């Protein structure tokens, strides 16, 4: 079994030493001991750190990510939560696409005043409707 010290984990994962220590403190990862003052880890910590980074990128909290690992330390991914997060991201993508289109139109619109432009007015109404429906 290949053992990595904290410096090798930092180098290979891009995760800072302080973050590794914090993840260990909250139980997201575990060292297998020390060699002098340097923490030692199994190779599988790199996969675990990749999964943590993926979860963070998707918007999961560290508490939520922690719950995605079983007692044996292996991933135990809650499919319903993943579907819900994917749906949430899809809504965000749609909203951001509308916003992007509105900004592009505003930047490129040849109308003398944006309020005279029917496309601009339609985009503004769409954005405001989505904000109101999201607030409900």
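FYI, it's all coordinate maths here, none of it is from the lab. Everything quoted here is computed from the prediction, not taken from an experiment. Every residue, glycine among them, receives a Cβ derived from its backbone with ideal geometry; neighbour counts consider all protein chains shown.
A Förster radius of 25 Å combined with the Cβ-Cβ distance from residue 25 to residue 79 puts the calculated FRET efficiency at roughly 0.30. Once C-alpha pairs closer than 8 Å and six or more residues apart are averaged by separation and normalised to the residue number of the stretch 3-66, the relative contact order reads 33 percent. In a fully extended conformation the segment linking residue 88 and residue 62 would gain 7.6 nm over its present Cα-Cα distance, using 0.36 nm per residue. Each pair of Cα atoms in the stretch 79-135 enters the Kirkwood radius, and Stokes-Einstein at 10 °C and 1.306 mPa s then converts it into a translational diffusion coefficient of 124 µm²/s.
The modelled label-to-label distance for the pair residue 53/residue 122, using points 7 Å beyond Cα in the direction of Cβ, is 4.3 nm. To the nearest ten degrees, helix 45-57 and the longest principal axis of the Cα atoms of the chain are 20 degrees apart. May I ask for the angle, rounded to the nearest 10°, between helix 118-135 and the longest principal axis of the chain, with both axes built from Cα atoms and the value confined to 0 to 90°? Orientation of helix 118-135: about 50 degrees from the principal axis. The sum of -39500 (n - 2.57) across all DSSP H runs of n ≥ 4, divided by the residue count of the chain, sets its helix-only mean residue ellipticity at 222 nm to -19500 deg cm²/dmol. In percent, rounded to a whole number, the relative contact order of the chain is 15, using alpha-carbon pairs under 8 Å and six or more apart. Spatial offset of the stretch 1-76 relative to the stretch 94-136 amounts to 43 Å, using the alpha carbon center of each.
Over the chain, the reciprocal of the mean inverse Cα-Cα separation, the Kirkwood hydrodynamic radius, stands at 18.6 Å. Averaged over residues, the count of other Cβ atoms within 10 Å places the peptides 26-33, 126-133, 4-11 in the sequence 4-11, 26-33, 126-133, highest first.
By how many degrees, 0 to 90 and rounded to 10, does the Cα axis of helix 79-108 deviate from the longest principal axis of the chain? The angle comes out at about 40 degrees. Each label point was placed 7 Å from the Cα along the Cα-to-Cβ direction; for residue 106 and residue 18 their separation is 3.7 nm.
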